[in-house]
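Written out below as structure tokens is the structure these notes cover.
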Amino acid sequence: MTHPVTVGIEIHQQLDTCKLFCSCRSQLVEEEGSQFRRRLRPTQSEMGEIDRAALAQAERRMHFTYQAPKGVSCLVEADEEPPHDADAEAMQTVLTVSTMLKASIMDEVHFMRKIVIDGSNTSGFQRTALVAVDGTVDINGKNIGILSVCLEEDAARKVETKDREVTYRLDRLGIPLIEIATAPDMHDPEDVKEVAQRLGSILRSTRKVKRGLGTIREDINISIPGGARVEIKGAQDLGLIPTYIRNEMERQSSLIEIKRMLNERGAKPVTVAARDISDLLKSSKSKVIVSALSKGGKVFCAPLPLFAGTMRSADLRLRLGAEMAQHARSRGVAGIFHSDELPAYGITADEVQMIRKELALGDMDAFALCADQADRAKPALLAALARANQALVGVPEETRDPLPDGTSVYSRPLPGAGRMYPETDVRPIIIEPERLMTIASNLPELPEARTTRLVREYGINEQQSRQLVREGYDDIFEEVAKDKGMAAVAARTFLSTYPELQKEGADLDGLTGTTVKEAFSALLSGKFAKEALPSVLRELAKGSSVEGAVSSLGLAAIDQGEAERIVDAMIHERADFVNEKGMGSVGPLMGVAMKELRGKIDGKEAADLLKRRIEAFLKA
Amino acid sequence: MSYSERARQLLASSQAREGDTVRLKVRGKEHEGILMPHHEFSHPDVIVIKLKSGYNMGLKVDEGSELTLESRAQERTKKAKDAVNGNDLPTVSFLGTGGTIASYVDYRTGAVHPALKAEELVATVPELSEICRMRSHVVFSIFSENMTPQNWQTLASAVADELNDGAEGVIVPHGTDTLGFTSAALSFMLGDVPRSVLLVGAQRSSDRPSSDSYINLLSSARFCVNANAAEVFALMHGESSDSYVHIHRGTKVRKMHTSRRDAFQSVNCAPVARLGMQGELEILSECKPKSRTKVVPDTRMEKDVALLYFYPGMSTEIVKKVMEDHKGLIMAGTGLGHVSRDMVHVLKDVISEGKPVVMTSQCLGGRVNLNVYDTGRDLLSAGVIPGEDMLPETALIKLMWVLGRTQDMPEVEKEMLTDRRAEISRRRDL
């Protein structure tokens, strides 16, 4: 059976231990620390060949600046000292996770150097070790294979890209990561999300993983029949996984369509050469052209015979132009123009005609142009042309960066296989069978077991419990629901308030464990009423303290006397209405009362009070 | 650790060699990959194979394990690139000593091979051929910690031959551990050189993209060609950043850090020059200009000279024992150049047997002065030669070289106190 799509994922989870190869804290910081600058250079392999991905990065000729904040980076991160032994706690955690995934663990773990020369690793390689293979994870009765579990170091954090200089901060470099790769066993975008969630709960159950945005990242490998393996690298929002997959399916099928069209037309590979048409466009009013020429730049152009309509079709389905532009951008330009989108961007119909005439183009022919500094515009246009030629073959294998809107952009070719060699500075680690037996008999609570226990211990329903565990709120839930009376509020908070706040655009990262715990303990001690909890959390997400939130929301809880005075005043203001409706006025007045009392006293208490005071009023 | 008998037999019976593709069956599971070399710290029963994914996997073999040879490693034919050399460029000689300052990585097996021939150097650092014509010659191939005075002699003769043959400069890629010793030895043995001799190393091996070797090598060639300087120098990174290199005097340079790129520093003087990444040259202290004279090396050395590091409570027996079969002694004393009172007496005895003792300081920075304290004065009275601001290692090499030419005590003392190769500076700015 042919599946409409085949997907495998790699999940990268940061561990909450020391760094993998030194004793630095694993923590991201605001300080920049001292700086140093380096260049990386692709190394020559035995065969005199340099890896294609390494080459693509080298072509950008980037220089790197590194920020080395104190406490979270040392000589090891600066590539000025050899790595220390691998962190024992991190190794123990990855062995635990491997066991939970029923994977078979290496007898001896060997660290490797994986060449990466985008500057994100000061050494020019990432240290990584294969720890286990051949595991499984089950979702919805489906058995998804786990190909490998690796322990590796996280890369440095990119903080700025300016012109040709990239700045990285070393705080993230060396944080241990567990990498779990599934087999390409998934064919439904929603299943993929569930597998990711499931792996997330298993990882969290070790209690040794970091929480929060950026601490877990997914690489999604997607292919459709007739397409090719494309890797969307570093997706952070699990909720978007199905969208990334659907968009990639669409992108690949449109590329297959473009290939069919081009082949039908008998299109041939275009000549990868750029023609200088700066003179032709010297009086153009287009901002991009004017800006490039005024800075001494050039406009380069190239014909694309028989490509008309594939760069951007009228229905916007075919968008080879966008693909070409992404390749051009990876060479440092802002973009390219192509004939399917012109006249536009200040380039007039006359100018388009001039170019077509200059290049002697027919109706079915297209062209692309790029304006910038000559040493940038030319390689960029050539890269775009090379991408156009790949369209004749079909879908190119590549790595893409995920965007927050669920689409992705070209980042680089898929890395080749031969980019690893042994990390001779780190000793191999022998994994004794006795150690594995101890781990197996002390496994952390599995997600199912935890679901059942939460139902039993806290009296929440099973669906709530499953959702808490799946979305990773189980730990914090247990902490704030220590007082069992809080269980229902806590479950409601994490399962409905949080999604609502997120929808409103609140930054849930601001709601760290400590602040949330503070909010619940304030609630428990009667500082405000449970109705006010969502508003309090909204303030906390903006960065305010619990006290600050309570006072700015005017929530300071009031005593019975004060509440009575407020209610009585309200009844007196509406004396006619109350006299007319009698006890029937309780309902309509409840809303008015709550406007005054919300968050200051409990809702049920407010209703009782109102009823009592109306009774008293009517009696009087 | 090497392989256990079981692993060895399994390998022997399969006839598999490192680099071959094998199939290894362990506890019912089969794995295919390339057979890798045994790691020194691996378990004796562990066989390491490299999977298609590139990862290495260590598998412990037992009685039931099977190893079969799938296919032999393919002989790789190296594309020999020509050392493209512009005819009008000056010739620079590269003399290999065994450091892997330039190397190839075999990603299949992880093996790192040094680039020793000129054409291999061009392949790893192609930019070299835009600076100079290259001539290369492997003098020996050893780890720098295994160097001996004999190696220095061989190297000095080889360098002299290259210079006398008209080379515009000689570059000696060298392991960093003892680079400072070799640069001092060459400084004394070669005497006045007509063009520069540069020892160059790398603190990060050249198989890494972050290696400092490429910039250091390139800068060496630039310095040889563009700087009007003719001495023995060491060239290494000037700071942690890839921003500039420092050129140090061969007698004044010392490795001051185990691992940093800027480990090498000039002690008791400023570096001779600084060279930026694009070749911007800044001369920081005067040096001898180039000439067309010939080198007349004097490589005679007395190898039986010891260097001892004094510490509180150090047994005098150590010195007595050592001096039974050594002909000269360098002491690295404390502070201004001191040792314990007992030790002063022993040193006096050593000197009275006609064996010179030179005092240097373990402070490294600064000059010894034996006039300030009683102990110092006693040392002077005992006949100890104050080593001025020489590095202990430089003093060692110098005494070897001096004793190679004379045993006459007053002559030795005079020589040790005379500045020959900028090893002694007379004044030092604040």
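Just so it is clear, none of the values below were taken in a lab; they were calculated from the coordinates. The model shown is predicted, which means the values in this text are computed figures rather than measured ones. Neighbour counts run over all protein chains shown; Cβ positions are idealised from the backbone, glycine included.
A compact table of results
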| item | result |
| --- | --- |
| Other protein chain Cβ atoms within 10 Å, averaged over every residue that makes up B:206-218 | 5 |
| Taking region B:308-366 and dividing mean pair separation by its residue count, relative contact order in percent (alpha carbons under 8 Å, at least six apart) | 42 percent |
| Out-of-range pairs (alpha-carbon distance over 21 Å; input A:208/B:50; A:295/A:357; A:482/A:517; A:19/B:50; A:208/A:233) | A:208/B:50; A:295/A:357; A:19/B:50; A:208/A:233 |
| Charge tally in the Cβ shell below 9 Å around residue B:46, where Lys, Arg are +1 and Asp, Glu are -1, residue B:46 excluded | -2 |
| Chain B: DSSP helices with Cα axial extent of at least 18 Å and average Kyte-Doolittle hydropathy no lower than 0.0 | B:213-226 |
| Neighbour-limited loop hits for trypsin sites (Lys or Arg not before Pro), region B:293-393 (at most 15 other Cβ within 10 Å; DSSP other than H, G, I, E, B) | B:294, B:300, B:303 |
| Between helix A:513-524 and chain A: long-axis angle, C-alpha atoms, 0 to 90°, nearest 10 | 20 degrees |
| Residue order, fewest to most surrounding Cβ atoms within 10 angstrom, among A:480, A:94 | A:480, A:94 |
| Peptide-level mean, for A:103-111, of C-beta atoms on other protein chains within 10 Å | 6 |
| Cα gyration tensor shape for region B:5-71, rounded if a/c is under 1.5, else prolate or oblate | rounded |
| Pairs of lysines in region A:530-620 (C-alpha under 20 Å apart; 8 or more residues apart or interchain) | 10 |
| Helix A:586-597 vs. chain A, principal-axis angle (Cα, 0 to 90°, nearest 10) | 70 degrees |
| Shape category assigned to region A:470-597 from the gyration tensor of Cα positions, a/c cut at 1.5 | prolate |
| Least to most buried among A:565, B:135 (fewest other Cβ within 10 Å first) | A:565, B:135 |
| Charge sum, other residues only, whose C-beta stays under 9 Å from residue B:58's C-beta, Lys/Arg counted +1 and Asp/Glu -1 | -1 |
| Prolate/oblate/rounded label for region A:6-262 (Cα gyration tensor, a/c 1.5) | oblate |
| Other protein chain Cβ atoms within 10 Å, averaged over every residue that makes up A:28-36 | 1 |
| Residue-count net charge about residue B:326 - beta-carbon cut-off 15 Å; Lys, Arg +1, Asp, Glu -1 | -2 |
| Likely footprinting exposure, A:458, A:345, fewest C-beta neighbours within 10 Å first | A:345, A:458 |
| 222 nm mean residue ellipticity, helices alone, for chain A (DSSP H n ≥ 4; -39,500 (n - 2.57); rounded to 500) | -11500 deg cm²/dmol |
| Relative contact order, percent, region A:268-391 [alpha-carbon distance under 8 Å, six or more residues apart] | 38 percent |
| Long-range amide H partners of residue A:311 with built H, under 5 Å | A:320, A:321 |
